[in-house]
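K.L.:
Just dropping this structure here.
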Amino acid sequence: MVNNRSFAAHPSQGDQSVERWHETIDAPWFLADGTRIYEDPPGTIAGFCITKIHQTPPVGEIYVIGLDPSVHGRGLGGPMTAAGLDWLATHGQTTAMLYVEADNEPRCGPTSDSALPLSEPTPAATFDRLMTRAR
């Protein structure tokens, strides 16, 4: 499962079961058309971006982005994020959020020069560290 390979070192994401996946897709907030899929080669899922729309307050979320380790290093995280943000924008969302692990700062933190693939300047951005994993 691409999710498990994507998050092999993550304590709560790296052991996704078919049952847990069904719990996610059966959740009331899950919108199948808000899931972006990257195939490489065609017909083989190599990455995904799942979006979520919160009603109160109305805000979009990049719920999870997963890329198979076989495609790491190709710069696909940005395009996958952009695909999710584009989908959220076409569904009326003008604000979006993304949670990342604290140790993911090189890719998504406030000091990254490629934090998010936005073509337009953002009016505001905040980066809050909610928790870090004990090592």
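Any read-out appearing in this document is the output of simple, stated calculations on the displayed coordinates, not a laboratory observation. Model, not experiment: these values are computed from the prediction.
K.L.:
Taking amide H positions as placed 1.01 Å from N in the peptide plane, with prolines and chain starts having none, which residues 5 or more places from residue 46, or on another chain, fall under 5 Å of its amide H?
P.N.:
Under 5 Å from the amide H of residue 46: 38, 39, 40.
K.L.:
For residue 72 and residue 9 in one chain, what is 0.36 nm times their gap in residues minus the Cα-Cα distance, to one decimal in nm?
P.N.:
Here the answer is 21.2 nm.
K.L.:
With θ taken as phi - 60° and the coefficients 6.51, -1.76 and 1.60, list the Karplus ³J(HN,Hα) couplings across region 19-28 in order, rounded to whole Hz; mark glycine and proline as x.
P.N.:
My calculation for region 19-28 gives 5, 5, 4, 5, 4, 5, 6, 8, 5, x Hz in order.
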